[in-house]
Ligand SMILES: [Zn+2]
């Protein structure tokens with residue numbers, strides 16, 4: 001129906017989350033109509049993010065060098081580690097301005113049905129960080145979903161055994177159950193952080 005390069009663009013755009021066939025077509029035609037400069041800027045931005053952004057070697061958040069900005073910021077409390085599922089979950093927590101500690105990004109949640117086991121996530125790396133010492137509290141801020149809760153319980157049980165001196169807390173209830181942290185508003189998330197409870 002379309003020339004192969006146009007079809008290829010539609011196919012690639014259609015792979016993005018939330019983009020159906022119709023939206024992919026609309027976006028493709030928008031790109032075709034736009035200035036060469038704008039279209040090239042989009043292509044370059046995609047290429048650059050893939051070339052320059054990797055994962056922080058300490059917390060596995062997105063980083064443009066070996067360590068992310070939060071891990072290299074000496075003002076951030078290194079005795080406090082907030083565990084989240086995805087790099088995208090760091091942003092809503094940062095927006096609350098309630099949290100001044102560091103992070104640990106797991107890269108997902110445990111889900112045996114989907115074949116996601118502890119070794120598929122950065123869980124061993126978390127235990128190693130905590131066991132290295134200097135950590136006072138681990139805040140489990142995985143999503144309030146079935147898999148997020150299961151992940152929090154799994155990690156809490158392991159930390160109790162490995163590092164009994166470390167306090168393990170979970171975000172207070174009040175977050176919409178089944179929703180992703182990413183979509184929580186700042187006020188609700190801020191309250192959930194402030195009211196976190198021991199697990
Ligand atoms: Zn980091």
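The values are calculated or read from the model by the stated rules, or taken from the named source; none is laboratory data. Since this is a predicted model, take the numbers as computed values, not measurements. Backbone-built Cβ (ideal geometry, glycine too); neighbour counts: all protein chains shown.
One line per residue, one yes/no per condition, for (1) within 16 Å of the ligand (Cβ to nearest atom); (2) surrounded by 13 or more Cβ atoms within 10 Å (Cβ to Cβ); (3) in contact (Cβ under 8 Å) with a residue 60 or more places away in the chain:
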| residue | (1), (2), (3) |
| --- | --- |
| 5 | no, no, no |
| 17 | no, no, no |
| 20 | no, no, no |
| 31 | no, yes, no |
| 46 | no, no, no |
| 49 | no, no, no |
| 54 | yes, yes, no |
Report summary line: Inside region 56-70, the number of residues satisfying the requirement of being surrounded by 14 or more Cβ atoms within 10 Å (Cβ to Cβ) and near the ligand (Cβ under 8 Å from one of its atoms) is 9
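For a quick check of your reading: which helices (runs of 4 or more DSSP H) sit entirely within region 1-114 and have at least 1 residues that are under 22 Å from residue 137 (Cβ atoms)?
Numbers: elements: 4-14, 21-33, 36-52, 90-96.
It comes to 90-96.
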Query - The one condition in (1) within 13 Å of the ligand (Cβ to nearest atom); (2) surrounded by fewer than 18 Cβ atoms within 10 Å (Cβ to Cβ) that residue 75 fails to fulfil - result: (1)
Query raised in the report: Does region 170-179 contain at least one residue that is in contact with a strand residue (DSSP E or B) (Cβ under 9 Å, 6 or more places away or on another chain), within 21 Å of residue 99 (Cα to Cα) and part of a helix (DSSP H, G or I)?
Result: no
Query raised in the report: Among all residue pairs at least 6 apart or on different chains, which show Cβ distances below 6 Å where the first residue, located in region 92-104, is farther than 11 Å from residue 193 by Cβ and free of Cβ contacts under 8 Å to residues at least 60 places away in the same chain and the second is within 15 Å of the ligand (Cβ to nearest atom) and part of a strand (DSSP E or B)?
Result: 102/78; 102/81; 103/82; 104/81; 104/83
Query raised in the report: Just for region 107-121: of the residues that are under 24 Å from residue 192 (Cα atoms) and crowded, with 18+ Cβ neighbours inside 10 Å, which one is farthest from the ligand (Cβ to nearest atom)?
Result: 110
Requested in this report: State all residues of region 79-106 that are surrounded by fewer than 18 Cβ atoms within 10 Å (Cβ to Cβ) and in contact with a strand residue (DSSP E or B) (Cβ under 6 Å, 6 or more places away or on another chain); if no residue qualifies, say none.
Outcome: 100
Query - Residue check for residue 90: away from the ligand (no atom under 12 Å from the Cβ) and either under 14 Å from the mean Cα position of the chain (by Cα) or at pLDDT 95 or above (or both) - result: no
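One line per residue, one yes/no per condition, for (1) touching a helix residue (DSSP H, G or I) at 6+ places or on another chain (Cβ under 8 Å); (2) in a helix (DSSP H, G or I); (3) crowded, with 17+ Cβ neighbours inside 10 Å:
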position	(1), (2), (3)
139	yes, no, yes
149	no, yes, yes
153	no, yes, no
164	no, no, no
182	yes, yes, no
190	yes, yes, yes
Query raised in the report: Would region 120-130 turn up any residue that is at pLDDT below 90 and within 19 Å of residue 61 (Cα to Cα)?
Result: no
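Looking only at region 122-132, count every residue that is loosely packed, with under 13 Cβ neighbours inside 10 Å and either part of a strand (DSSP E or B) or touching a residue at least 24 places away in the same chain (Cβ under 8 Å) (or both) and tell me the total.
In the first step, residues of region 122-132 are kept if they are loosely packed, with under 13 Cβ neighbours inside 10 Å; the result is 124, 128, 131-132.
Going one step further and asking which of them are either part of a strand (DSSP E or B) or touching a residue at least 24 places away in the same chain (Cβ under 8 Å) (or both), we end up with 131.
So the answer is 1.
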